[in-house]
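Below is one structure, written out as structure tokens; the observations come after it.
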Amino acid sequence: MSPYRAGNPRTLDEALTFLGEIPDLVVAAGCTDLMVSDLESRVRQTHVMSVLGIEELQGIVREGDDLRIGAAATFAQIGRSDEVLKSFPILARAARVIGGWQIQNRATIGGNIVNASPAGDSLPVLLALDAKLEIAGPKSTRMIPYESMHVDYRKTALAAGEILAAVRIPLAAETRVQSFRKVGPRAAQAISKVVVAMSASRARDGFREVRVAAGSVAAVPVRLKSAEDALEGKWSKGTAAKAGQAAAGEVTPIDDVRSTAHYRSWVLRQIVERMALEMREGSG
Amino acid sequence: MTRNVRHTLPFGGGRPRAEFEVNGKEVSVEGHPMERLLDVLRERLQLTGTKEGCGEGECGACTVLMDGEPVLSCLVPLFQCEGHSVVTVEGIAEIPAARAFLERFVEAGGVQCGACTPGIIVAAWALLKQNPAPSRAEIIEALSGNLCRCTGYEGILRSFLPGKGA
């Protein structure tokens, strides 16, 4: 028997069975990160299973009170989905700045989540839209708030034997104003220096239900709660600046190959302020 | 929406093998499941038109079509090719409808050192199939995943214009 094993299951049942039976089975989606780390480590994964063909992980459909996005939906599919464009335009915008066309054709939203890079561009958007995750296990399927998924640097709440099946975004969030900004060295094919997503319900005198989330500024994608507090409620002249300041005060980014901690804090403050102003003016 | 993936490459017995289509021909390749499609094309199938640039998904030189959509062959593992159809730059050269574009690409100076050319041809052809008259902005977005380090982008853009290289 060959020392290597690989499979392309068609159903979740089949996939969960394989996952239960084969120790060290690596779950692969679009492989746009896995292939790179595979190369860098010079150690090829020996047992791999693709989730790209699993029926239950496909599609972008309204289901009950949610928009259900299958974990194997690619960013190309998300970026051109009428449902996403209509209800959650910031998710479509994020999808269209992830890598280039070729990456968007392979990379999946489930892969972006489970790969758990702090620089994942779709992740702050999911935080800003109160997304939930549908996680399939050998015995049952559970639902968790997306916010509780990233427990530490590159560590997720996914237990052994579980597969991320779908992302659910409550349709209630579609009435919120939404804003998304990615700062990188160029418009396409670049890993973010800072990425921010926001949403809020518009009230007569200001905002309610404010969500501010950022990527590449901490070990995991984070909600910036003090910036949210600064924006919540009655709007006044200094509100946006206060939110920017609060956002920058809330994180301690790092220096790395893509940027410096100082630049990240500075740019985070600037774009949070600008995005808040744009949302207030209705152009966010 | 469901991708056309057959559930072969079973776990367990036998040597891992993937059966798929390359430029219209069925191929059956035995190998490590994580072997890069790029290496399979160049070293096993002798289709050396596809080039390796960065090898990590940044430059677009190794672009091929998978089920009609451009993908980076350095990031596609062999086992995920099972049941799919792959078209390389050699395949596009055989398409009569692509001939006029390829000629304009040469006339307009779309080729400088040539390293990025196969990937650009593949992405450009995919764009033209979906959108026969793309705007400048649409071309730039579609080719944003293909880097040309001779910075010869103007020549590449001109090759999309109708008629001779403007």
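The values are calculated or read from the model by the stated rules, or taken from the named source; none is laboratory data. Since the structure is predicted, the reported quantities are computational estimates derived from the model, not experimental observations. Using ideal geometry, Cβ is built from the backbone for each residue, glycine included, and neighbour counts are taken over all protein chains shown.
General remarks:
- Of the numbered criteria (1) modelled with pLDDT of 95 or more; (2) in a loop (DSSP other than H, G, I, E, B), the one B:LEU127 fails is (2).
Matching residues to (1) more than 14 Å from chain A (Cβ to nearest Cβ); (2) over 9 Å from the mean Cα position of the chain (by Cα); (3) modelled with pLDDT of 95 or more:
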site: B:ALA61; (1), (2), (3): no, no, yes
site: B:PHE79; (1), (2), (3): no, yes, no
site: B:GLU90; (1), (2), (3): yes, yes, yes
site: B:ALA97; (1), (2), (3): yes, yes, no
site: B:ILE121; (1), (2), (3): no, no, yes
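Listed here are the residues, each with its yes/no results for (1) without any contact (Cβ under 8 Å) to a residue 40 or more places away in the chain; (2) within 14 Å of chain B (Cβ to nearest Cβ); (3) of a type in the set (Gly, Ala, Ser); (4) closer than 20 Å to A:GLY64 by Cα.
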position	(1), (2), (3), (4)
A:GLY100	no, yes, yes, no
A:VAL125	no, no, no, no
A:ALA131	yes, no, yes, yes
A:THR141	yes, no, no, yes
A:ARG181	no, no, no, no
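- Single unsatisfied condition, B:GLN46 versus (1) free of Cβ contacts under 8 Å to residues at least 24 places away in the same chain; (2) on the phi < 0 side of the Ramachandran plot: (2)
Here's the yes/no breakdown for (1) assigned by TED's automatic domain parsing to the domain that holds A:LYS234; (2) surrounded by fewer than 18 Cβ atoms within 10 Å (Cβ to Cβ); (3) closer than 30 Å to B:GLY60 by Cβ; (4) of a type in the set (Gly, Ala, Ser):
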residue	(1), (2), (3), (4)
A:VAL151	no, yes, no, no
A:ALA160	no, yes, no, yes
A:ARG168	no, no, no, no
A:PHE180	yes, no, yes, no
A:VAL183	yes, no, yes, no
A:LYS193	yes, no, yes, no
A:SER199	yes, no, no, yes
A:ARG202	yes, yes, no, no
A:ARG211	yes, no, no, no
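- Whichever residue in the stretch B:123-162 is of a type in the set (Gly, Ala, Ser) and away from every other protein chain (no Cβ under 14 Å) and, among such residues, is surrounded by the most Cβ atoms within 10 Å (Cβ to Cβ): B:SER159
- Pairing residues of the stretch A:1-20 that are without any contact (Cβ under 8 Å) to a residue 40 or more places away in the chain and at the interface with chain B (Cβ under 7 Å from one of its Cβ atoms) with residues that are surrounded by fewer than 17 Cβ atoms within 10 Å (Cβ to Cβ) and among the basic types (Lys, Arg), at Cβ distances under 8 Å and at least 6 apart in sequence or on separate chains, gives A:SER2/B:ARG15.
- Counting only residues that are charged (D, E, K, R) and modelled with pLDDT of 95 or more, the stretch B:139-166 holds 0 of them.
- From the list A:SER87, A:SER37, A:SER117, the one residue that fits, being touching a Lys or Arg at 6+ places or on another chain (Cβ under 9 Å), polar (S, T, N, Q) and at pLDDT below 95, is A:SER117.
- When the stretch A:68-87 is filtered for residues that are of a type in the set (A, V, I, L, M, F, W, C) and under 24 Å from A:ILE163 (Cβ atoms), the ones remaining, listed by number, are A:ILE69, A:ALA71, A:ALA72, A:ALA73, A:PHE75, A:ALA76, A:ILE78, A:VAL84.
- Near pairs, Cβ below 6 angstrom, 6+ apart or cross-chain, from the stretch B:96-120 (of a type in the set (Lys, Arg)) to any residue that is outside any helix (DSSP H, G or I): B:ARG104/B:SER159
- For the stretch A:90-114, filtered to residues that are among the charged types (D, E, K, R) and touching a strand residue (DSSP E or B) at 6+ places or on another chain (Cβ under 8 Å), the residue that is modelled with the highest pLDDT is A:ARG106.
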